[in-house]
Amino acid sequence: MMNDLPLLIIIWAVFTGLFLALLAYNATITRYEESQLFLENINPNEEQQQTSIVQKVNKTLPYVRALGTLSGIFTVLIIAIYTWDCWQKLQSQ
C-alpha cells in the first residue's frame, strides 16, 4: 500500500491545485460583484454585468464542488493509508 502513496499524493496535488485555481478564478470574478437588487430598468448595463458574473460563477460551481470533494477524499485516503502503515509497523515490533 505504501508503494501507491506517491501516486496518490500526485493525484491529490493535481485535484487540489485545480480546486485552488478555480477558487482563485471565482474570487477574481466576484471581486466586482455588488449586492444589489435591480427593481427597475434604470441602469441595464450594471444589471447585465451582475448577471454575467453570477452566470460565470454558477458555471464553475459544479467543478469547484467536485474537485473539493475529490481533494477531501484523497486527503482522508492518504492519511488513512499512512496511519494504517504506521499502525502495522508498531504492531510488528
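Looking across the stretch 53-93, the residues that are over 16 Å from the mean Cα position of the chain (by Cα) and among the aromatic types (F, W, Y) come down to Y82, W84, W87. When the stretch 38-88 is examined, which residues are found to be of a type in the set (D, E, K, R) and assigned to a helix (DSSP H, G or I)? Within the stretch 38-88, E46, E47, K56, K59, R65, D85 qualify. For first residues located in the stretch 71-93 and more than 30 Å from L23 (Cα to Cα), partners that are in a helix (DSSP H, G or I) and not hydroxyl-bearing (S, T, Y) and lie 6+ apart or on another chain with Cβ distances below 7 Å form the pairs D85/M2. Taken over the stretch 61-87, the residue count meeting the criterion of being closer than 25 Å to R31 by Cα and surrounded by fewer than 15 Cβ atoms within 10 Å (Cβ to Cβ) is 6.
Every number here is computed from the coordinates shown, using simple stated rules; none is lab data. A quick note: this is a predicted structure, and the numbers were derived from the prediction, not measured. Glycine gets a Cβ as well: all are built from the backbone with ideal geometry, and neighbour counts include every protein chain shown.
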